[in-house]
Amino acid sequence: ELLRAGGGLLALVTVANVDVLLARHHLPAREAGLYAAGAVFAKGAFWAPQVVVVLALPRLGGAQGQRVLRASLLAVTGCGALLVAGTALLARPLVAVVFGERYAALADTAWAFTALGAALAVAQLLVFSGIATQSIRLALLVAATAAAEAALITVALHDSVGQVVGAALGSALVLVAAGAVVTRGRSPDTLPSGRP
(Lines give C-alpha, C1' and ligand atoms only; values in the text may rest on other atoms or scores of the structure.)
Protein backbone atom coordinates (compact mmCIF):
# COMPACT_ATOMS: atom_id res chain seq x y z
CA GLU A 1 0.00 0.00 0.00
CA LEU A 2 2.87 2.34 0.84
CA LEU A 3 4.56 1.64 -2.50
CA ARG A 4 1.29 2.17 -4.39
CA ALA A 5 0.58 5.50 -2.68
CA GLY A 6 4.20 6.66 -2.82
CA GLY A 7 4.50 5.73 -6.47
CA GLY A 8 1.42 7.73 -7.40
CA LEU A 9 2.61 10.79 -5.51
CA LEU A 10 6.14 10.52 -6.93
CA ALA A 11 4.70 10.29 -10.45
CA LEU A 12 2.55 13.38 -9.76
CA VAL A 13 5.57 15.33 -8.52
CA THR A 14 7.35 14.32 -11.73
CA VAL A 15 4.45 15.48 -13.92
CA ALA A 16 4.33 18.77 -12.01
CA ASN A 17 8.04 19.51 -12.47
CA VAL A 18 9.37 17.77 -15.58
CA ASP A 19 8.41 20.71 -17.83
CA VAL A 20 10.48 23.16 -15.75
CA LEU A 21 13.52 20.87 -15.86
CA LEU A 22 13.22 20.30 -19.60
CA ALA A 23 12.60 23.98 -20.30
CA ARG A 24 15.84 24.77 -18.48
CA HIS A 25 17.63 22.17 -20.60
CA HIS A 26 16.19 23.04 -24.04
CA LEU A 27 15.38 26.75 -24.02
CA PRO A 28 17.88 29.61 -24.32
CA ALA A 29 18.77 31.25 -20.99
CA ARG A 30 16.35 34.18 -21.30
CA GLU A 31 13.38 31.99 -22.26
CA ALA A 32 14.28 29.46 -19.58
CA GLY A 33 14.13 32.33 -17.08
CA LEU A 34 10.71 33.33 -18.41
CA TYR A 35 9.57 29.73 -18.06
CA ALA A 36 10.78 29.55 -14.47
CA ALA A 37 8.86 32.75 -13.70
CA GLY A 38 5.77 31.34 -15.41
CA ALA A 39 6.04 28.25 -13.23
CA VAL A 40 5.27 30.53 -10.25
CA PHE A 41 1.78 31.04 -11.74
CA ALA A 42 1.43 27.27 -12.11
CA LYS A 43 2.47 26.62 -8.53
CA GLY A 44 0.11 29.31 -7.24
CA ALA A 45 -2.84 27.76 -9.07
CA PHE A 46 -1.80 24.30 -7.90
CA TRP A 47 -1.66 25.27 -4.22
CA ALA A 48 -4.65 27.65 -4.12
CA PRO A 49 -7.35 24.96 -3.74
CA GLN A 50 -5.38 22.70 -1.39
CA VAL A 51 -7.82 23.23 1.47
CA VAL A 52 -10.44 21.38 -0.60
CA VAL A 53 -8.06 18.46 -1.17
CA VAL A 54 -7.13 18.26 2.52
CA LEU A 55 -10.77 18.30 3.61
CA ALA A 56 -11.80 15.71 1.03
CA LEU A 57 -8.97 13.22 1.56
CA PRO A 58 -10.28 11.46 4.70
CA ARG A 59 -13.72 11.02 3.10
CA LEU A 60 -12.68 9.77 -0.35
CA GLY A 61 -12.47 6.12 0.69
CA GLY A 62 -15.75 6.02 2.61
CA ALA A 63 -19.29 5.16 1.62
CA GLN A 64 -19.82 8.66 0.24
CA GLY A 65 -16.48 8.69 -1.59
CA GLN A 66 -17.88 9.27 -5.08
CA ARG A 67 -20.16 12.08 -3.90
CA VAL A 68 -17.27 13.72 -2.03
CA LEU A 69 -15.03 13.33 -5.07
CA ARG A 70 -17.59 14.94 -7.40
CA ALA A 71 -18.14 17.90 -5.05
CA SER A 72 -14.40 18.32 -4.53
CA LEU A 73 -13.68 18.15 -8.27
CA LEU A 74 -16.28 20.83 -8.85
CA ALA A 75 -14.75 23.08 -6.17
CA VAL A 76 -11.15 22.62 -7.36
CA THR A 77 -12.13 23.06 -11.02
CA GLY A 78 -14.15 26.17 -10.19
CA CYS A 79 -11.26 27.68 -8.28
CA GLY A 80 -8.93 26.93 -11.19
CA ALA A 81 -11.31 28.47 -13.72
CA LEU A 82 -11.51 31.68 -11.66
CA LEU A 83 -7.73 31.84 -11.41
CA VAL A 84 -7.26 31.29 -15.15
CA ALA A 85 -9.84 33.98 -15.98
CA GLY A 86 -8.26 36.39 -13.50
CA THR A 87 -4.79 35.75 -14.88
CA ALA A 88 -5.96 36.21 -18.45
CA LEU A 89 -7.53 39.56 -17.56
CA LEU A 90 -4.77 40.86 -15.30
CA ALA A 91 -1.65 39.19 -16.68
CA ARG A 92 0.21 42.35 -17.70
CA PRO A 93 -0.12 44.22 -14.40
CA LEU A 94 0.48 41.02 -12.41
CA VAL A 95 3.68 40.24 -14.30
CA ALA A 96 4.86 43.85 -14.01
CA VAL A 97 4.27 43.97 -10.24
CA VAL A 98 5.59 40.51 -9.37
CA PHE A 99 8.50 40.14 -11.79
CA GLY A 100 9.15 43.56 -13.33
CA GLU A 101 9.07 44.90 -16.85
CA ARG A 102 11.91 42.64 -17.99
CA TYR A 103 9.44 39.75 -17.83
CA ALA A 104 6.67 41.49 -19.80
CA ALA A 105 6.74 38.76 -22.47
CA LEU A 106 5.45 36.32 -19.86
CA ALA A 107 2.05 38.04 -19.88
CA ASP A 108 1.13 36.28 -23.15
CA THR A 109 1.41 32.80 -21.63
CA ALA A 110 0.66 33.47 -17.93
CA TRP A 111 -2.89 32.12 -18.35
CA ALA A 112 -1.50 28.84 -19.73
CA PHE A 113 0.77 28.42 -16.71
CA THR A 114 -2.18 29.10 -14.43
CA ALA A 115 -4.29 26.57 -16.33
CA LEU A 116 -1.46 24.04 -15.97
CA GLY A 117 -1.40 24.50 -12.21
CA ALA A 118 -5.18 24.27 -12.00
CA ALA A 119 -5.21 21.03 -14.03
CA LEU A 120 -2.50 19.56 -11.80
CA ALA A 121 -4.57 20.43 -8.71
CA VAL A 122 -7.45 18.41 -10.17
CA ALA A 123 -5.03 15.58 -11.01
CA GLN A 124 -3.77 15.60 -7.43
CA LEU A 125 -7.31 15.18 -6.12
CA LEU A 126 -7.80 12.22 -8.48
CA VAL A 127 -4.53 10.66 -7.31
CA PHE A 128 -5.63 11.02 -3.68
CA SER A 129 -8.92 9.38 -4.61
CA GLY A 130 -6.94 6.47 -6.07
CA ILE A 131 -4.90 6.21 -2.88
CA ALA A 132 -8.04 6.28 -0.72
CA THR A 133 -9.64 3.48 -2.73
CA GLN A 134 -6.41 1.47 -3.08
CA SER A 135 -6.45 1.74 -6.85
CA ILE A 136 -3.17 1.22 -8.68
CA ARG A 137 -4.67 2.47 -11.95
CA LEU A 138 -4.29 6.17 -11.09
CA ALA A 139 -0.63 5.74 -10.14
CA LEU A 140 0.09 3.94 -13.41
CA LEU A 141 -1.80 6.58 -15.39
CA VAL A 142 0.18 9.42 -13.80
CA ALA A 143 3.47 7.60 -14.40
CA ALA A 144 2.56 7.06 -18.05
CA THR A 145 1.65 10.75 -18.36
CA ALA A 146 5.01 11.80 -16.91
CA ALA A 147 6.86 9.64 -19.42
CA ALA A 148 4.73 10.83 -22.34
CA GLU A 149 5.13 14.49 -21.40
CA ALA A 150 8.89 14.17 -21.05
CA ALA A 151 9.10 12.45 -24.45
CA LEU A 152 6.84 15.00 -26.14
CA ILE A 153 8.86 17.96 -24.88
CA THR A 154 12.25 16.32 -25.51
CA VAL A 155 11.47 15.13 -29.03
CA ALA A 156 9.23 17.83 -30.48
CA LEU A 157 7.92 20.72 -28.39
CA HIS A 158 10.90 22.55 -26.91
CA ASP A 159 11.58 25.54 -29.17
CA SER A 160 9.70 28.18 -27.17
CA VAL A 161 8.04 28.91 -23.84
CA GLY A 162 4.65 28.49 -25.51
CA GLN A 163 5.51 25.06 -26.91
CA VAL A 164 6.78 23.68 -23.60
CA VAL A 165 3.89 25.01 -21.52
CA GLY A 166 1.47 23.86 -24.22
CA ALA A 167 2.88 20.32 -24.05
CA ALA A 168 2.70 20.35 -20.25
CA LEU A 169 -0.85 21.71 -20.23
CA GLY A 170 -2.03 19.24 -22.87
CA SER A 171 -0.51 16.37 -20.89
CA ALA A 172 -2.17 17.55 -17.67
CA LEU A 173 -5.57 17.88 -19.34
CA VAL A 174 -5.32 14.39 -20.84
CA LEU A 175 -4.34 13.09 -17.39
CA VAL A 176 -7.38 14.77 -15.81
CA ALA A 177 -9.76 13.42 -18.46
CA ALA A 178 -8.37 9.88 -18.25
CA GLY A 179 -8.25 10.05 -14.46
CA ALA A 180 -11.90 11.07 -14.31
CA VAL A 181 -12.81 8.02 -16.39
CA VAL A 182 -10.69 5.70 -14.23
CA THR A 183 -12.21 6.95 -10.96
CA ARG A 184 -15.83 6.92 -12.18
CA GLY A 185 -17.85 4.25 -10.45
CA ARG A 186 -15.08 3.31 -8.04
CA SER A 187 -16.68 2.72 -4.65
CA PRO A 188 -15.78 0.88 -1.45
CA ASP A 189 -17.75 -2.21 -2.45
CA THR A 190 -15.42 -2.68 -5.44
CA LEU A 191 -12.30 -2.52 -3.27
CA PRO A 192 -10.14 -5.57 -2.66
CA SER A 193 -11.51 -7.71 0.16
CA GLY A 194 -8.41 -7.13 2.26
CA ARG A 195 -9.26 -3.48 2.87
CA PRO A 196 -9.86 -2.85 6.61
Checklist entry - Before we move on, is ALA167 at pLDDT 90 or above and closer than 22 Å to ARG70 by Cα? => result no
Checklist entry - Among the residues of region 93-109, how many are open to solvent by 60 Å² or more (accessible area, probe 1.4 Å), within 24 Å of the chain's Cα centre (by Cα) and closer than 16 Å to GLY44 by Cα? => result 2
Item to check | Any chance GLY78 is surrounded by fewer than 19 Cβ atoms within 10 Å (Cβ to Cβ) and on the phi > 0 side of the Ramachandran plot | outcome: no
Checklist outcome for this item: Of the residues in region 45-68 that are touching a Phe, Trp or Tyr at 6+ places or on another chain (Cβ under 9 Å) and in a helix (DSSP H, G or I), the one that is modelled with the lowest pLDDT is LEU57
Checklist entry - Going through region 10-24 one residue at a time, which ones are under 12 Å from the mean Cα position of the chain (by Cα) and surrounded by fewer than 18 Cβ atoms within 10 Å (Cβ to Cβ)? => result VAL13, THR14, ASN17
Item to check | Pairs where the first residue, in region 110-123, is in contact (Cβ under 8 Å) with a residue 60 or more places away in the chain and open to solvent by less than 10 Å² (accessible area, probe 1.4 Å) and the second is among the hydroxyl-bearing types (Ser, Thr, Tyr) and outside any helix (DSSP H, G or I), C-beta under 8 Å, 6+ apart | outcome: none
Checklist entry - So is VAL54 over 19 Å from the mean Cα position of the chain (by Cα) and among the β-branched types (Val, Ile, Thr) or not? => result no
Checklist entry - Picking from ARG137, ARG70, ARG92, ARG59, which residue would you name as being closer than 28 Å to HIS26 by Cα and among the basic types (Lys, Arg)? => result ARG92
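The values are calculated or read from the model by the stated rules, or taken from the named source; none is laboratory data. Predicted, not measured: the structure shown is a model, and the values here were computed from it. Note that each Cβ is placed from the backbone with ideal geometry, even for glycine, and that neighbours are counted across all protein chains shown. Surface areas here come from the heavy atoms of the whole protein model, side chains and all, with no ligands, DNA or RNA. Shrake-Rupley method; radii C 1.70, N 1.55, O 1.52, S 1.80 Å.
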